[in-house]
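Working notes, structure below.
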Amino acid sequence: MAVRYVALATDYDGTLAGQGRVRPETLAALERLRKSGQRALLVTGRELEDLKSVFDRLDLFDLVVAENGALLYNPQTREEQVLAEPPPPDLVARLRRAGATPLGVGRVIVATREPYEVAALQAVHDLGLEWQVIFNRGAVMLLPSGVNKQTGLAAGLAELGLSMRNTVAVGDAENDHAMLSAAECGVAVANALDSLKDRADLVTRGACGAGVEELIDRILEDDLRSVVVARHALLLGMRRDGTEMKIAPAGRRLLIAGPSGSGKTTAAAGFIERLMCACYQCCIVDPEGDYEGFERIVGIGTAEHPPTVDEVLGLLAKPSVHACVRLLAVPVADRPRFFASLLPRLQETRARTGRPHWIVIDEAHHLFPASWQPAPLTVPRDLGGVLMITVHPEKVSPVMIEAVDLALAVGDAPEQTLAPFGKVPRIPLREGEVLAWSNGVAEPLKLAAGAGSI
């Protein structure tokens, strides 16, 4: 089964640690997480040497993001990667003259405490620096503009070949806002600031390390499937009553169907563009070259050279790459066989990395023919994040039709197009509308405009 969350990013002070100390139970939970195959990143405002002096289990983490996003550290290789320019000597000198104590100077960060934030802001202004002042429960951190826990976490995930869309982040204070907002699921521990709790997708019952233990247990139990992250829902369109129809970005199975020339590809393109803009990786299987020229995707396969499964997986290894698998050079009779070899490999990759987030299958009636039976790794109910496009839904494998939880009929006679899903009432559509079917209910929908075009 595909996993959604493959990485946990946790703050240190006030989150992993309480009063500077990490509980043995929290360490044991981290060990369980790592044994399950999950990745872990420690994201802290502390300088690296300071962190090492208070915490000797950095080996439990794939990477450490220190100095509030300015430094990457690999505990296994002990390699450091500085992500910004060092502090100007004049800035440090001015803070010393102002009597700022304590005053820490890292590879990038300059750190003190309240009430020296006034002196810090004045120094940045007087020197004309593009630096920012960040607060964290009384701590005052000075960093180059644009450097924060979010940017540091993004760099760490890129180093590991992981996506923010498969990451859970947990924290407690002001400097955790950006990280929690960027992650697919942002979690606040029970002792977090109210402002962070208000914006979190989940608030733990336990404080500090006990909250992290609780979170890890929930990740291992059900991949946080019980947590609804509404802020990532994708807009599909508007109902006649003015309400929006949205769809969760994970675990859904969509079908867009209609006669040739009815606008299926345009409807699909708008949805795919929204997926890509939200950084959900897409793998488009394009038998006829309909997605040629679509922006933001990298094509594999030409009219002369067929793609290989390994080439497709190689493209998808980088989370930011969206792949279009063009089957023009694959004989029509061989395309279902090629797809049957590709799909289990995509599912294997999803089981490890959670990606690609969406598999788009054009000409689904040909690649999922009525005779198709799923292999063990491709059971339809486990095959979430799938968009099928077809002119002949009645020719699509019944096991895939049964798995669809939302269908959009485009063009004339939409109730006939949706016949494979049961009896659908005839509803006259207005210009620009499609007929949406879900859970046995059909309703008109005006699709949201897509940013992309084909």
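The values are calculated or read from the model by the stated rules, or taken from the named source; none is laboratory data. The structure displayed is predicted, hence computed values, not measured ones. We place every Cβ from the backbone using ideal geometry, glycine too, and count neighbours over all the protein chains shown. The accessibility values were calculated without ligands, DNA or RNA, using every heavy atom of the protein model including side chains. Shrake-Rupley method; radii C 1.70, N 1.55, O 1.52, S 1.80 Å.
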When Glu31 is evaluated against the numbered criteria (1) closer than 16 Å to Gly171 by Cβ; (2) open to solvent by 20 Å² or more (accessible area, probe 1.4 Å); (3) part of a helix (DSSP H, G or I), which criterion, by number, is the only one it fails? (1)
Would you check if there is a residue in the range 252-272 being in a loop (DSSP other than H, G, I, E, B), modelled with pLDDT of 95 or more, of a type in the set (Val, Ile, Thr) and closer than 30 Å to Glu431 by Cα? no
Within the range 268-283, take every residue that is out of contact with any Leu (no Cβ under 6 Å at 6 or more places or on another chain) and open to solvent by 10 Å² or more (accessible area, probe 1.4 Å) and give me the one that is nearest to Leu234 (Cα to Cα). Ala278
Evaluate the following for Thr349: is it farther than 26 Å from Gly242 by Cβ and either open to solvent by less than 10 Å² (accessible area, probe 1.4 Å) or not hydrophobic (A, V, I, L, M, F, W, C) (or both)? yes
Residue pairs, Cβ under 9 Å, 6 or more apart or interchain, first in the range 198-213 and within 19 Å of Gly18 (Cβ to Cβ) and in contact (Cβ under 8 Å) with a residue 24 or more places away in the chain, second open to solvent by less than 20 Å² (accessible area, probe 1.4 Å) and of a type in the set (Asp, Glu). List them. Ala207/Asp172; Cys208/Asp172; Gly211/Asp172
Quick one: Val92 ticks every box in (1) touching a residue at least 12 places away in the same chain (Cβ under 8 Å); (2) more than 28 Å from the chain's Cα centre (by Cα); (3) surrounded by fewer than 20 Cβ atoms within 10 Å (Cβ to Cβ); (4) assigned to a loop (DSSP other than H, G, I, E, B) except a single one, so which number is it? (4)
Any idea which of Val170, Val189 is under 27 Å from Val110 (Cβ atoms), open to solvent by less than 30 Å² (accessible area, probe 1.4 Å) and either touching a residue at least 12 places away in the same chain (Cβ under 8 Å) or not hydroxyl-bearing (Ser, Thr, Tyr) (or both)? Val170
Identify the single condition in (1) in contact (Cβ under 8 Å) with a residue 12 or more places away in the chain; (2) farther than 22 Å from Met164 by Cα that Thr77 does not satisfy, given that it satisfies every other one. (1)
For the range 51-63, pairs from a residue that is over 16 Å from Arg23 (Cα atoms) to a residue that is open to solvent by 80 Å² or more (accessible area, probe 1.4 Å) and not hydrophobic (A, V, I, L, M, F, W, C), with Cβ under 7 Å and 6 or more apart or across chains, are Leu63/Glu159
Can you pull out every residue in the range 200-222 that is under 16 Å from Arg34 (Cα atoms) and open to solvent by 50 Å² or more (accessible area, probe 1.4 Å)? Asp217, Arg218, Leu220, Glu221
Taking the range 419-438 and keeping only residues that are β-branched (Val, Ile, Thr) and either in contact with a His (Cβ under 6 Å, 6 or more places away or on another chain) or not in a strand (DSSP E or B) (or both), one is left with Val424, Ile427
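From Ser36, Ser53, which residue is among the hydroxyl-bearing types (Ser, Thr, Tyr), open to solvent by 20 Å² or more (accessible area, probe 1.4 Å) and within 27 Å of Thr204 (Cβ to Cβ)?
Ser36
A quick yes/no check of all residues on (1) touching a helix residue (DSSP H, G or I) at 6+ places or on another chain (Cβ under 6 Å); (2) open to solvent by less than 20 Å² (accessible area, probe 1.4 Å):
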{"position": "Gly156", "(1), (2)": "no, yes"}
{"position": "Glu159", "(1), (2)": "no, no"}
{"position": "Ser163", "(1), (2)": "no, yes"}
{"position": "Ser195", "(1), (2)": "no, no"}
{"position": "Ala250", "(1), (2)": "no, no"}
{"position": "Gly258", "(1), (2)": "yes, yes"}
{"position": "Ser262", "(1), (2)": "no, no"}
Going by what's in this entry, would Val43 be described as buried (at least 19 other Cβ atoms within 10 Å of the Cβ), within 30 Å of Pro115 (Cα to Cα) and in contact (Cβ under 8 Å) with a residue 60 or more places away in the chain? yes
